[in-house]
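Trainee: One structure coming up, written as structure tokens, with questions to follow.
The values are calculated or read from the model by the stated rules, or taken from the named source; none is laboratory data. Not measured: the values here are computed from a predicted model. Note that each Cβ is placed from the backbone with ideal geometry, even for glycine, and that neighbours are counted across all protein chains shown.
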Amino acid sequence: MNKITINTGLSPSNQQKEVYRTLRTNIEFSGVENRVIVVTSCAPNDGKSTVACNLAASFASNGKKTLLVDADLRKSVLQVRLDLQSDGPMNGLSHLLSGQLPVGEIVYATNRQNLFMIPTGVFSTNPTELLGNARMEKLMEALKKLFEYIIIDTPPLGSCIDAAVVARICDGSVLVMSANNTSRSAANSMATQLKSANSNILGVVLNKVEMHKNGYYGKRYGGYYGEYYGKGSKKHA
């Protein structure tokens, strides 16, 4: 298997690690069938890539064989954010979806135990069509046989429909919103779009809470707040 090195971007504080552990546990207890999770946001800069990366790292640190998929074929930030380095050309998802490479050439083992990754590859001029083609569905079916959890980072749903296209073939979705940056109507609109693609919205993560302005969030959640809404379950924080 090809190897890739993650040099930075996965070093949250102890408080943040605890919140990601809580988010991870909530997903685990939502049902064993919820193994392929799409992460999106309402708007750019909500922090969904940070959430996706650290959620995947949390699963991996708990002994789960975990795959992080960079499905933002428009404007991915993960290669720079994680300072990814490989010995050869960095192939990725777009190479497989366009029929250029097989799955074995785009899955990378990382320098983090139990954490694997599929980079985005070359940015595409038709990302929605690529993500919606039959190769993507077949890819997920094959990867579920190899990994215990698959976390997929997608573009903001408020900017394009790519996340909804991907959610259609996933087990569940997580919506990230930043505090004081998303209106109620926008959040409802994004949730409706996700539900139309896949009704299993596992939860909402409220990100970028200003701790000095909000003692409630600061005391209880250390700057991040995750809620899980399981099917037929009570609300948990």
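Trainee: Please note which strands (runs of 3 or more DSSP E) are completely contained in segment 106-209 and include at least 2 residues that are of a type in the set (Ser, Thr, Tyr), closer than 21 Å to VAL80 by Cα and touching a strand residue (DSSP E or B) at 6+ places or on another chain (Cβ under 6 Å).
Mentor: Details: elements: 115-118, 149-153, 172-178, 201-207.
Qualifying strands (runs of 3 or more DSSP E): none found.
Trainee: Please determine, by comparing only the residues of segment 95-105 that are outside any loop (DSSP other than H, G, I, E, B) and surrounded by fewer than 17 Cβ atoms within 10 Å (Cβ to Cβ), which one is nearest to the chain's Cα centre (by Cα).
Mentor: Taking segment 95-105 as the starting set, the residues that turn out to be outside any loop (DSSP other than H, G, I, E, B) are 95-97, 103-105.
Right, trim to surrounded by fewer than 17 Cβ atoms within 10 Å (Cβ to Cβ) and you get 103-105.
On the way: VAL103: 19, GLY104: 21, GLU105: 21 Å.
So the residue we want is VAL103.
Trainee: Looking at ARG24 and the list (1) touching a residue at least 40 places away in the same chain (Cβ under 8 Å); (2) touching a helix residue (DSSP H, G or I) at 6+ places or on another chain (Cβ under 9 Å), which single condition is not satisfied?
Mentor: In the conditions (1) touching a residue at least 40 places away in the same chain (Cβ under 8 Å); (2) touching a helix residue (DSSP H, G or I) at 6+ places or on another chain (Cβ under 9 Å), ARG24 misses (1) alone.
Trainee: Kindly indicate whether VAL51 is within 21 Å of ASN181 (Cβ to Cβ) and at pLDDT 90 or above.
Mentor: Values: within 21 Å of ASN181 (Cβ to Cβ): yes; at pLDDT 90 or above: yes.
Yes.
Trainee: For segment 21-45, which residues satisfy the criterion of being small (Gly, Ala, Ser) and either touching a His at 6+ places or on another chain (Cβ under 8 Å) or within 18 Å of MET177 (Cα to Cα) (or both)? Full working, then the answer.
Mentor: Of all residues in segment 21-45, those small (Gly, Ala, Ser) come to 30-31, 41, 43.
Once the filter is applied, which keeps residues that are small (Gly, Ala, Ser) and either touching a His at 6+ places or on another chain (Cβ under 8 Å) or within 18 Å of MET177 (Cα to Cα) (or both), segment 21-45 yields SER41, ALA43.
Trainee: So is THR40 of a type in the set (S, T, N, Q) and closer than 18 Å to PRO155 by Cα or not?
Mentor: Considered against the rule, which asks whether it is of a type in the set (S, T, N, Q) and closer than 18 Å to PRO155 by Cα, THR40 comes out as yes.
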